[in-house]
There are 2 protein chains.
Amino acid sequence: MDQYPPTERTQVVRRSQRGVYDKPQVHAILDEGFVCHVGFVMNGRPFVIPTAYARSGEQIYIHGSPASRLMKGKEVDVCLTVTLLDGLVLARSSFHTSINYRSVVVLGKARLVTDLEEKRQALRCFTNHVISGRWEQTKQPIDSELKATSVLALPLAEVSAKIRTGPPIDDEEDYALPVWGGVVPVLQSFGEPLPDDRVLEGITPPAVIR
Amino acid sequence: MDQYPPTERTQVVRRSQRGVYDKPQVHAILDEGFVCHVGFVMNGRPFVIPTAYARSGEQIYIHGSPASRLMKGKEVDVCLTVTLLDGLVLARSSFHTSINYRSVVVLGKARLVTDLEEKRQALRCFTNHVISGRWEQTKQPIDSELKATSVLALPLAEVSAKIRTGPPIDDEEDYALPVWGGVVPVLQSFGEPLPDDRVLEGITPPAVIR
């Protein structure tokens, strides 16, 4: 099976029927998101920071994470979570109001990427994650820029996804209530590209917007 | 000043010009999001879970958080983060590729809400946070449902926001490159409400979709 083996920490306990360990489904969620939330522990307390990321095979690169400030060449425990919002679930009773979503949680030790070639590949992943093929259209980083960029690498090993889809689940007797029940889809879309005021004449925005 | 006083933990260090402590701006970000990411520490390791939330004045209620499983009537250290994605920032150099976003980080000790009346008010906040006025249209929870719901309360005391807006910032010499630079807005919208197959005849979806 092409699955991440559940561990004690990734086994979905609450509403376990929503747990997903299938690699293609996990990859699809990670590839669709733009921002991840990285959790780490500092002085015994939790911190959660939003940052850019990109998947490269069975590894995730995390961009310029403040977690890297903690690191002195060693590894650090992190939890990386990506959540996509799909819909507002309106039940007939407030108690069953819910949200349709797809989320992935990745646990593990992140390592600081120090090799310049690997950093270059990570930046390529970040750039092409934002817009496919963008790396090839832009000026690529020089070594001093690579050195100035913090990158963490996190293996996709201890991973779970959780997905809620479909209509509200009301108590049977509540379906008789004169209250509308259903889902309001939440959609993400892209607006018209806004050029800055330094774009050269004749240069148009990239055709591929993911 | 109507601001959250920065502390050692909330002072924005990296790109400090993006730090915001203004209460109305923090409230607006919290009120616009649907899902927060809650970080907590279990056995010394970080966990980050997406969940529903709602602001009530200077307090945030967190819905059914798995963090509540850790609690035995006491308080627990959490970090709650809400991030809104506003745009893809396409610079002429890969190094300056970025994202426009608004995020809020709240640090503090969450307390388990046990009083049924406060729980009822928290559920009212959750429901009306999803769709304004929805609580008043739906069947309200009975005591056994309130008892079955976990709610945490977190004060808005140690809080910071971080905001990036505007065009890419390229190096001066790179503006001469024949590469498009600007912002692709990311928009969140709502689709046509999808009724489930039990909606009674003549019942239409709520007029107010936030």
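Among the listed pairs A:109/A:147; A:162/B:74; A:119/A:147; A:162/B:119; A:119/A:139, which are separated by more than 18 Å between their Cα atoms? Display every interim value, and only then the final one.
Numbers: A:109/A:147 22 Å; A:162/B:74 28 Å; A:119/A:147 9 Å; A:162/B:119 26 Å; A:119/A:139 16 Å.
Exceeds cut-off: A:109/A:147; A:162/B:74; A:162/B:119.
Ignoring everything except DSSP H segments at least 4 long, calculate the 222 nm mean residue ellipticity for chain B; use -39,500 (n - 2.57) per segment, divide by total residues, nearest 500. Can you show the working numbers first?
Working: 4 runs with 35 residues, N = 210.
Calculated mean residue ellipticity at 222 nm is -4500 deg cm²/dmol.
Going by how many other beta carbons lie within 10 Å of each one, how would you line up B:129, B:96, fewest first? Write down the numbers at each step before the final one.
Working: B:129 23, B:96 19.
Listed from fewest to most nearby Cβ atoms, that is B:96, B:129.
Net charge near residue B:176: determine it from the other residues with C-beta under 12 Å of the C-beta of residue B:176, scoring Lys and Arg +1 and Asp and Glu -1. Let's see the in-between values first.
Details: positive: A:139, A:198, B:92; negative: B:170, B:171, B:172, B:173, B:174.
Charge balance near residue B:176 sits at -2.
Suppose R0 equals 41 Å. What FRET efficiency, 1/(1 + (r/R0)^6) with r the Cβ-Cβ distance, do residue B:164 and residue B:200 give to the nearest 0.05?
Calculated transfer efficiency: 0.30.
Summing +1 for each Lys or Arg and -1 for each Asp or Glu, what net charge is found among the other residues whose Cβ lies under 15 Å from the Cβ of residue A:101?
On the way: positive: A:14, A:15, A:18, A:102, A:162, A:164; negative: A:32, A:86.
Cβ neighbours under 15 Å give a net charge of +4.
For residue A:121, place a label point 7 Å out from Cα along the Cα→Cβ vector, do the same in each other copy, and report the separations in nm, one decimal, smallest first.
5.5
Below 8 Å, C-alpha to C-alpha, sequence gap of six or more: please give me the relative contact order for chain B in percent.
Working: 371 pairs, mean separation 55.0, N = 210.
26 percent.
Alpha carbon centre of the range A:159-206 versus the range A:33-63: separation in Å?
Their Cα centres are 23 Å away from one another.
Which ordering of A:83, A:165 is given by a fewest-first count of other beta-carbon atoms within 10 Å?
Numbers: A:83 25, A:165 12.
So the residues, fewest neighbours to most, are A:165, A:83.
Taking only Cα atoms, what is the 0 to 90° angle, nearest 10, from helix A:23-32's long axis to the longest principal axis of chain A?
With both axes taken from Cα atoms, the answer is about 70 degrees.
If you put a point 7 Å past Cα along the Cβ direction, how far is that point for residue A:188 from the same point in each other copy, in nm, smallest first?
Nearest to farthest, the other copies are at 1.0 nm.
What residue among B:156, B:194, B:116 has the largest mean-square fluctuation in a Gaussian network model of chain B, using Cα springs under 10 Å?
Maximum fluctuation in the GNM of chain B, among the listed residues, is at B:194.
What ranking of A:154, B:30, A:112 emerges when the number of other C-beta atoms within 10 Å of each C-beta is taken as an exposure proxy, fewest first? List each step's numbers first, then the result.
Working: A:154 27, B:30 22, A:112 18.
Going from sparsest to densest Cβ surroundings: A:112, B:30, A:154.
Please give the per residue volume of the convex hull enclosing the alpha carbon atoms of the protein assembly as shown, rounded to a whole number of Å³.
Details: hull volume 68.2 nm³, N = 420.
In the protein assembly as shown, the Cα hull volume divided by residue count equals 162 Å³.
Just round it to a whole percent: the fraction of Cα-Cα distances in chain B exceeding 33 Å.
Values: 6261 of 21945 pairs.
It works out to 29 percent of all Cα pairs.
Nearest 10 degrees is fine. How inclined is helix A:116-130 to the longest principal axis of chain A, computing both from alpha carbons?
Taking Cα atoms only, the helix is inclined about 40 degrees.
Calculate the spin-label point distance for residue B:15 paired with residue B:59, positioning each point 7 Å from the Cα along the beta-carbon direction, and give it in nanometres.
Going by the 7 Å Cα→Cβ label model, 3.5 nm.
Please average, across the residues of B:172-180, the number of beta carbons from any other chain that are within 10 Å of each residue's own beta carbon, and give a whole number.
Working: counts 1, 1, 3, 5, 2, 5, 6, 8, 12.
That works out to 5 on average.
Would you mind calculating the gained length between residue B:121 and residue B:175 on full extension (0.36 nm times residue separation, minus the Cα-Cα distance), in nm to one decimal? Please list the in-between numbers first.
Values: separation 54, 0.36 × 54 = 19.44 nm, distance 5.40 nm.
Gain on stretching residue B:121 to residue B:175: 14.0 nm.
Given 0.36 nm per residue, what is the gain on full extension from residue B:192 to residue B:143 after removing their alpha carbon distance, in nm?
Numbers: separation 49, 0.36 × 49 = 17.64 nm, distance 3.38 nm.
Going from the current span to full extension adds 14.3 nm.
Once the label point is set 7 Å along the Cα-to-beta-carbon vector, what list of distances in nm do you get between residue B:31 and its counterparts in the other copies?
Inter-copy label distances (nm, one decimal, shortest first): 3.9.
Any read-out appearing in this document is the output of simple, stated calculations on the displayed coordinates, not a laboratory observation. Computed from a predicted structure; not experimentally measured. Cβ atoms come from the backbone with ideal geometry, glycine included; neighbour counts cover every protein chain shown.
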